[in-house]
1. Of the listed values [x] 14.7; [y] 19.4; [z] 15.3, grab the one calculated as Kirkwood radius over Cα pairs in Å from the structure here.
2. Taking the number of other C-beta atoms within 10 Å as the exposure measure, put E49, E73 in order starting with the fewest.
3. Which FRET efficiency value, to the nearest 0.05, is calculated for K33 and R59 with the Förster distance at 35 angstrom and r the Cβ-Cβ distance?
4. Length gain on complete extension for the stretch K23 to M1, per 0.36 nm per residue less the alpha carbon to alpha carbon distance?
5. Any chance you could give the angle, 0 to 90 degrees and rounded to 10, that helix 94-114 forms with the longest Cα principal axis of the chain?
6. Over the chain, what is the relative contact order in whole percent, taking alpha-carbon pairs under 8 Å and six or more residues apart?
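Every read-out reported here was derived from the displayed coordinates using simple, explicitly stated rules and does not represent laboratory data. A quick note: this is a predicted structure, and the numbers were derived from the prediction, not measured. Heads up, the Cβs are rebuilt from the backbone with ideal geometry, glycines too, and the neighbour counts pull from every protein chain shown.
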Amino acid sequence: MSFTDTLRHDHEAIFKLLDECQKLGISSEEGKKKLVQARALVQAHLKREDTQLYPVMQRHEETRELGAMYSTEMRHITADVNGFFDAYANGGSGLDYARHLGRTISQLRQRMTREEIRLYPAFANYCE
């Protein structure tokens with residue numbers, strides 16, 4: 001499996017967990033457990049990108065600008081996503097949680113779709 005295949009697999013696993021979080025809600029113990037798992041998976045994925053994707057892209061003229069742009073943008077998205085996880089680490093209102101989770105999923109889905117369409121192919125073409 002290539003590195004970008006691993007990243008795509010991460011995306012699938014993240015959304016599977018977040019979908020389970022939506023179904024279970026924040027009031028159930030299982031829902032809280034899935035939220036903790038989702039946070040851990042998102043953090044591991046972000047670390048993988050920060051240590052193995054963006055630095056490698058910085059070393060190639062063809063991908064330097066694109067990698068820098070995505071890395072900078074991801075810092076802002078990471079702050080939002082971590083804010084969501086922090087806000088519900090100890091439970092919370094079901095309706096507020098559902099809204100915030102929906103926004104977080106939407107934000108991640110848009111970003112990850114763009115990564116799969118533009119960022120990962122550039123990495124595969126010039127860096128692998």
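1. So the calculated entry is the one marked [z].
2. Values: E49 22, E73 12.
Neighbour counts put them in this order, fewest first: E73, E49.
3. Details: r = 40 Å, r/R0 = 1.13.
Computed FRET efficiency for K33 and R59 comes out at 0.30.
4. Working: separation 22, 0.36 × 22 = 7.92 nm, distance 3.09 nm.
Value of the extension gain: 4.8 nm.
5. The angle comes out near 10 degrees.
6. Details: 82 pairs, mean separation 42.8, N = 128.
Contact order relative to length: 33 percent.
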